Amino acid sequence: MLIANSKVKRTALNLVSVIGGETLLRAANFLAVVVIARLYGAGVLGLYATALAYATVAVMIAENGLQISSITEIKRTSADIHGLVSQLWTLRIFLFTVMSAVLALIGWFSQWPKEVWIIGILVTVRVLLYSYSQLQFAVLKSIDRMRVIGPIQTLNFFILTLGIAATYHYSWNIKLLLWSFIIAQVTEILLSFRVLWRWGLRPSKFVMRECWNLFKRSTPIGMTYVMAGITMRTDVIVLSALGSRSDVGHFAAAHMGVVLFYSLSWLFGSVLLTDFTRLASNPAEFDGYANRWTKLLLSVGGVGALALYFIAPPAVLFLYGEEFAITSRLASIMILALPLILLNAVYLSRAIAIGAKRVYLGTYLGTSIVAITLDVLLARAYGGVGIAFAIVARELLMFLIFRTQASVSSRRRILITEPSYTSQVEEAIDI
């Protein structure tokens, strides 16, 4: 009992550090969206949201799942952590260089106006730096140094808040606001690198074959997260193709909150992934751990979502003003998806931990196709409100698929375990 309590306490402290720090950053990002909406209007917010959507999808494609796969890779090859992390850093730089060149060519052929180029470049640089920072945090998670992540991100939060407050007070243009984002992100990277250096991590010899092998192993996870990112950002992309920049701005004001929650859910899943990986050899504990989180999120998350459903409309009007009245309705609908987003993060980490590539790839592929189809059809018929309902529908569909697959895989694992485990597992998988 004492051992179990210590494990729960350790996981809770890690979650507080990782989720708490990221929550502060996401709160600052949300505050920035409010400032952009109030200072520059829905049109500029729509341009910012569209640039962020395209940049995020591009970075997720180039990232190729290295952030998440690094956790399992380091756990399995801890003897050569220096070489592995060096391969991760090198491969990430190469992939991002290729991605940046592709984006530049797209902009050149599309003849983007100067305003789009400037905002697009600044947003893309910030997203690239954020992704690189998350890779270093993934290494810290793997070596059980999660508790330093919260303080590092707290400092990032203060720099961001200072930049946002100055922008609002002095009515700076959006470019200065985006530069403050970049400065804060560079600071975060330097501090996390300092922790890794003090821990003893050092650059190692570059081996092309090892980089290629690492790239191939991370690809299934990368494809999954690319599909997740594309699905999430397609909401804005589809509306930008079918509606006006102002429509996108009104929708993005609510959607930014959902994007925040997706990011937090993936971080939440990455923390659980370390525990799932550790418990994978014990089916009873493994499935029991997953189902304890399922019960908690269904009960607490469900009640929280219903409360937020009624709180959202007045809160949105208070933040954005009367110009964003439609945003309050959109936010109320999207909030219903929040518990499902967390549940899907749990089951994705569960599938990754046991190497169930067909499960997580198939689930995300099928859900992505349905989600994009729903976005297009419902956006044509109902605009942003239709896409808000599509978000709830796709998360519910994904959870049902994941849950069904988990029940099937649990029963299969029972058949190949010792009889003494059978009653424990059967009890664990009943929720």
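The number of residues in region 329-355 that are without any contact (Cβ under 8 Å) to a residue 40 or more places away in the chain and out of contact with any Phe, Trp or Tyr (no Cβ under 7 Å at 6 or more places or on another chain) comes to 1. Take the conditions (1) at pLDDT 80 or above; (2) in contact with a Phe, Trp or Tyr (Cβ under 8 Å, 6 or more places away or on another chain); D247 misses just one of them, which is (2). Does region 43-57 contain at least one residue that is modelled with pLDDT of 70 or more, surrounded by fewer than 18 Cβ atoms within 10 Å (Cβ to Cβ), over 21 Å from the mean Cα position of the chain (by Cα) and part of a helix (DSSP H, G or I)? Yes; the residues of region 43-57 include at least one that is modelled with pLDDT of 70 or more, surrounded by fewer than 18 Cβ atoms within 10 Å (Cβ to Cβ), over 21 Å from the mean Cα position of the chain (by Cα) and part of a helix (DSSP H, G or I).
Take the conditions part of a helix (DSSP H, G or I), surrounded by fewer than 19 Cβ atoms within 10 Å (Cβ to Cβ) and over 22 Å from the mean Cα position of the chain (by Cα) and apply them to F286. Does it pass?
So F286 fails the test.
Of the residues making up region 143-156, one or more are without any contact (Cβ under 8 Å) to a residue 60 or more places away in the chain and part of a helix (DSSP H, G or I).
Somewhere in region 98-114, is a residue charged (D, E, K, R), within 17 Å of the chain's Cα centre (by Cα), at pLDDT below 85 and part of a helix (DSSP H, G or I)? No, there is no match, as no residue in region 98-114 is charged (D, E, K, R), within 17 Å of the chain's Cα centre (by Cα), at pLDDT below 85 and part of a helix (DSSP H, G or I).
Within region 259-273, if we keep just the residues that are over 11 Å from R26 (Cβ atoms) and not hydroxyl-bearing (S, T, Y), the residue that is nearest to the chain's Cα centre (by Cα) turns out to be W266. Just one of the listed residues (V85, V127) is within 27 Å of G21 (Cβ to Cβ), under 21 Å from the mean Cα position of the chain (by Cα) and touching a residue at least 60 places away in the same chain (Cβ under 8 Å), namely V127. Among the numbered criteria (1) closer than 29 Å to D275 by Cβ; (2) in contact with a Leu (Cβ under 6 Å, 6 or more places away or on another chain), which one does L348 miss? For L348, the failing item is (2). Here F276 meets each of (1) over 22 Å from G383 (Cα atoms); (2) among the aromatic types (F, W, Y); (3) free of Cβ contacts under 8 Å to residues at least 40 places away in the same chain with one exception, condition (3).
Rundown of residues vs (1) over 20 Å from the mean Cα position of the chain (by Cα); (2) crowded, with 18+ Cβ neighbours inside 10 Å; (3) assigned to a helix (DSSP H, G or I), yes/no style:
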position: F193; (1), (2), (3): yes, no, yes
position: K205; (1), (2), (3): yes, no, no
position: L214; (1), (2), (3): yes, yes, yes
position: T224; (1), (2), (3): no, yes, yes
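Here the helices (runs of 4 or more DSSP H) wholly within region 292-378 that include at least 1 residues being farther than 24 Å from L242 by Cα are 302-320, 338-353.
With respect to the conditions (1) in contact (Cβ under 8 Å) with a residue 40 or more places away in the chain; (2) out of contact with any Phe, Trp or Tyr (no Cβ under 8 Å at 6 or more places or on another chain); (3) over 25 Å from Y309 (Cα atoms), A379 lacks only one, and its number is (3).
The values are calculated or read from the model by the stated rules, or taken from the named source; none is laboratory data. In this text, all values refer to a predicted model and were calculated from it rather than measured experimentally. No Cβ is skipped: glycine too gets one built from the backbone with ideal geometry, and neighbour counts run over all protein chains shown.
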